[in-house]
Amino acid sequence: MPLITHSRHSGNVEILTLSGRLTLGDATAAFRETTRKLFEGGSDILVDVSGVDYMDSAGLGELVAAYASASSRGRQMKLLRPVSKISQLLHVTKLYSTFEIFEDEAEALASFSKTSVANSNG
């Protein structure tokens, strides 16, 4: 199944829902372009990966690149509900400690405002 992306707004956060396969080619290019536009628009992004049934090293690389792009722009990117296979991949590559990962959307959204407050006070 090709990658399907859907986004919706919640406050200052764009929730980007992915479903299908995040693999080398059109899928990674679409993900890169979507996140680039959202970051340029000033959004923080919560990436819901619960619908991603397969991710190869290129897909993982795009997640890392998007995270780095967010950081360089003063934006945040967090992950929501990785399925077992994706969670295992994040653990094996030790990227689990790089990304903030949430199982609950409301908790994830609340974490953005807490981080923004902490950053403005620092």
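Once the C-beta distance of ALA29 and ARG73 is scaled by a Förster radius of 22 Å, the resulting FRET efficiency is 0.65 to the nearest 0.05.
Structure remark: mean-square fluctuation, Gaussian network model of the chain, C-alpha springs under 10 Å; the largest value among LEU80, LEU90, LEU60 belongs to LEU90.
Count charges around ILE15 for me, please; just the other residues with Cβ under 11 Å from its Cβ, Lys/Arg as +1, Asp/Glu as -1.
So the surrounding residues net to -2.
Relative to the longest principal axis of the Cα atoms of the chain, the long axis of helix 57-72 makes an angle of roughly 10 degrees. Between the amide H of PHE102 and those of LEU79, LEU80, ARG81, distances stay under 5 Å, these residues lying 5 or more places away or on another chain, with hydrogens modeled in the peptide plane.
Computed from the C-beta positions of ASP56 and ALA106 and an R0 of 22 Å, the FRET efficiency is 0.10 to the nearest 0.05. Under 5 Å from the amide H of ILE45 lie the amide H atoms of GLU14, GLN76, MET77, LYS78, each residue being 5 or more positions distant or on a separate chain, with H modelled from the backbone and absent for Pro and chain starts. Once the Kirkwood radius over Cα pairs is known for the chain, the Stokes-Einstein relation at 20 °C and 1.002 mPa s delivers a diffusion coefficient of 149 µm²/s. Could you work out how far helix 105-121 tilts from the main Cα principal axis of the chain, as a 0 to 90 degree angle to the nearest 10? Rounded to the nearest ten degrees, it is 50.
Once the other residues with Cβ under 9 Å from the Cβ of ALA66 are scored (Lys, Arg +1; Asp, Glu -1), what is the net sum? Value of the local net charge: +1. Database remark: amide H of LEU24 closer than 5 angstrom to the amide H of ASP56, ALA58, GLY59 (H placed geometrically; neighbours at sequence offset of 5 or more, or on other chains; Pro and chain starts carry no H).
Each value in this text was obtained by applying a stated rule to the coordinates, not by laboratory testing. Just so we're clear, the structure is a prediction, and the values are computed from it rather than from any experiment. Glycine also receives a Cβ, built like all others from the backbone with ideal geometry; neighbour counts cover every protein chain displayed.
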